[in-house]
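Reading through the structure tokens given below for one structure.
Throughout, read-outs are computed from the coordinates displayed, never taken from laboratory work. Fair warning: this is a prediction, and the values are worked out from it, not measured in the lab. FYI the Cβ positions are ideal-geometry reconstructions off the backbone, even for glycines, and counts take in every protein chain you see.
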Amino acid sequence: MDVDRWKRLSPLLDVLLELNPDARNAQLKTVRVQEPDLADELERLLALEDDSGGFMAQPLLDKPGQPQVGTLVGPYRLEVVLGEGGMGMVWLASRADGLYQRKVALKLLRPGLADPNLRLRFSREREILARLAHPNIARLLDAGIGSEGQPYLALEYVDGIPITEYCQSHGLAVDTRVKLFLQVCEAVSHAHANLIVHRDLKPSNILVTPTGEVRLLDFGIAKLLDDSEPAPLHPRTEVRAFTLHYAAPEQVRGELVTTMTDVYSLGVVLYELLAGTKPYRLRRQTDAEWEQAILAVEPLKPSVASQRTTDGGRDHSPEARRQARRLSGDIDNIVLKALAKQPEQRYASAEALSLDLQRHLHGRPVQARAQSWGYQLNKYVGRHRWAIASGVLVTSLLLGALAASVWQGRQAVRETARAQAMQDFVIGLFDNAGVAQQGNIFDARKLLLAGERRGERELAGQPLAHAELLGVIARLRVGLGDYQEALGLLERQQALLAQLGRVPAGLQLEAVTQHGRTLRLLDRPQECLQVMAPAEILISRLQPQQAAQEADFLSQLGRCRRLLGERQAADQLYERSLALRRAIKDQGGVAENLLDRALIENDQGRTDKALAGYDKALAHLHKHVGDTNALAAEIQVNRGHLLRARGDTDAARATFRDALVIAEEVHGEQHPVTLGIRRLLIGILVDQEQYREAEKQIDSLYGMTLAALGARHRDTAMASNTRGVIAFQRGHLQAALTDLAGAVGIWRGTADSQNLQGGLFNYGMVLHAAGSQDEALAALLEARALRVAQSGASDHSVGAVDRLIGEVLASQGKPDLALPYLDRAVKLTRVGLGAEHPATLFAQLSLARQLARTGHEEDALKTMDALAAQRGRYAEMAKLRWSARAYAAQVRCGNGQHDQGRRELDALVGELRRERPDGGAITREALAIRKGCGG
């Protein structure tokens, strides 16, 4: 087969080999329509591929002829194989004739190879190396023929690693990498001066010694320009010897090779050295794809490629951005000129490439870029920047001092006026505090409302002072729990600031921080992110003494990102904030960020680390700030949540009680934080199945919440949700549906509410119990969609919803639809929470019930009986055992084991009445099952 014919066949064959049989036949038909002969030849080659299962089953060479360690070749003794290629092997060898001691790299032809082409090439390499004498090229020390008639080349042994690995392992800067590459250019330029083209330049042939010196290796396929290369003796079997990834377009096309071919390969090596990747990013790593890219695809600029990640995304880290900025401009142009498709558009020689790189290092204009006046001026300024900067600095200092004195004078006047206005306002506010007095008690809300009105009158002509005042009143409103009122004030503040031409960056950032904080407290994290994210640019305009404001902003932005599931981004923001707060010794802020990072651990299911983080934050707070403050209550609340989720109900109740004591002292009894902790303690009563006491307390708490926060507040919805769950357990299904529907309605009216999904889940659960299966399914599917949007389809929280959806579908008589949901529920909870978690076990129980419904009673009973004997630390394990016993007895009643089923149910109902005197959903279900069992 001639070369041109193979060039036509090779890419088509690569494509066909990757296709399945049907697609391959279709592709062959298409080729046959256009070129029948070509299709026939492809078919024969594919048949050879199919029949090649035994190819290379036996070695081509006789093993006894293989060189062994200790073998003498000429005066050299073989020690270790350094490398192998298609032509031969390279051994580490030592001089063994006693004349002198030296380690060499001994290159041998493979024993048994009879191909005359390879012997010609081996002799050619000896002739080429004899011409070269350069410190950056591995020298030829000796050549000869061994006792077995085997030719050898003794080369300088280089103890080094490929240039790309060296730069990566030493973390070299861009300029240092370029200087190292200049040694490569010098070596290649020396070869070109001796009329030698290397033709296989690649990192593995360019080693760097521990002292940082480059050595160029392997002239095995090099070409002498002053001598026509002998034609191969067997051209039809001649193998392409160059490395495709580093080959120039003319090598791929089989055209004439010149010194500019090596320039292209140098460009590929330089690209990989600086950008960390090859010039072409392919979908399939086939030879055909590589050839197509080398011939037709223009490479990305190294500055762009250096920011690409392995999955095709973009690396936005500061280090990646700095690297890209360093490569953009001259280096991009130099590398792309070396990689030009047409040889005449590249550098004329390796020396020309080297000179342009040196011009860049010295700050001079490079030939790879158009020599415009502006470009040359920019380079001149860059080279003489210190002298120019000194002159400009002196002039600027004189002018700047004059301007600064004028500006500072005006700024001082404005700041004085603003401070005086704020002082007059505060004094006037307390002078007229009688409007808010009721006996011996001041109503803080009335006082703030009076201050707000006074500010509108007295600061109307000072919009900056008025905006600052609105921010102060908003923060006080947040402290009182009046989040909606605070939001209104902050929106007015933003409108005022937007009308002003110049606003101090610190005031702008503080306003945005409080706006985001309030939106987060109102359960609107998406809006929080929309408000805060664009303001991150303001950080660069802050003064060093405003680090506290920067840390506050970063912390609030991180909390909004965390609520939206962006945990990694949130953790990075917390880390930046924590570093700032430690630097300025803001100990309360440090404890706050320690809590933030512990919450991230908890979100990711690392509860042991999360608990340790809560304890660390609390200890830091107690040591540096004190025991009684709002943050201490918040930490204790989060500790209690974790303990409750782990089934340690008693410890959770004690932790919530500690938090309640702090909250009542810091916030008062009517504050949303205090009311929220009371609600959590009622939740503990529900966990402990004290439903009568929980019912009594929730009615009182709901009334307090309604009076303090109003009917549409999100915390009112939470109290209504808790009341609905308790009503469900008490068997008051209609009241439960009313309360839960009310909670869902409030949360649905709050944009981005994170509580809506939980409310819909509870609502669907009660609708299912009440027999309204269609409505239950609609609510649960909506809850599932919200959880998937927030946490992803593989999160364990989705598994809990899937379990209940499966139960509803089973109740509708749709077993084929129910089974996938139940099966997925088991898998998601097992992966996310563990095989022993109650959520996983309840999912297994639901799946077992479905097996029983579809005629697999024996398998179902096996699972149910195992779950009925399950033990564990979680509070819900008792509920699991009772439910499993009830469902197992139900199965026995249905498959003929009536007596055993009735006995088990009677024993279970008696136990439930003793253990659960307040009743509950499980007790009602067990009684219903017992009634259905008859007798």
Residue order, fewest to most surrounding Cβ atoms within 10 angstrom, among VAL798, VAL503 = VAL503, VAL798
In what sequence, highest mean first, do 31-41, 845-855 appear when ranked by Cβ atoms within 10 angstrom?
-> 845-855, 31-41
What length, rounded to one decimal in nm, is gained on full extension from ARG326 through to ASN895, with 0.36 nm per residue of separation minus their alpha-carbon distance?
-> 197.1 nm
Inter-site label distance for GLN543 and VAL33 at 7 Å from Cα along Cβ, in nm = 7.7
The range 515-540 to the range 718-778: how many Å between their Cα centroids?
-> 30
Overall Cα dimensions of the range 716-844 - principal axes, largest extent first, Å = 35, 31, 24
With a 10 Å radius around each residue's Cβ, average the other Cβ atoms per peptide and rank 145-152, 882-889, highest first.
-> 882-889, 145-152
Long-range amide H contacts for ASP142: which residues qualify at under 5 Å (H placed 1.01 Å from N, peptide plane, sequence gap of 5 or more or a different chain)?
-> ALA154
Provide the packing ranking of 67-77, 771-781, 833-843, 539-549, i.e. peptides ordered by the mean count of other C-beta atoms within 10 Å per residue, highest first.
-> 833-843, 771-781, 67-77, 539-549
Does the range 558-685 classify as rounded, prolate or oblate by the C-alpha gyration tensor (a ≥ b ≥ c root eigenvalues; a/c under 1.5 gives rounded; else a/b over b/c gives prolate, otherwise oblate)?
-> oblate
Whole-Hz ³J(HN,Hα) from phi, Karplus 6.51 cos²θ - 1.76 cosθ + 1.60, for the range 127-139, glycine and proline x = 5, 5, 5, 5, 7, 9, 8, 9, x, 9, 10, 4, 7
Contour minus Cα-Cα span, ARG924 to SER204, at 0.36 nm per residue, comes to 251.6 nm
Restricting the range 549-603 to trypsin sites (Lys or Arg not before Pro) in coil, as DSSP defines it, with at most 14 other Cβ within 10 Å = LYS585
Would you please give the residues with an amide H less than 5 Å from that of ARG308, counting only those at least 5 places away or on a separate chain, with H modeled from the backbone geometry?
-> ASP315
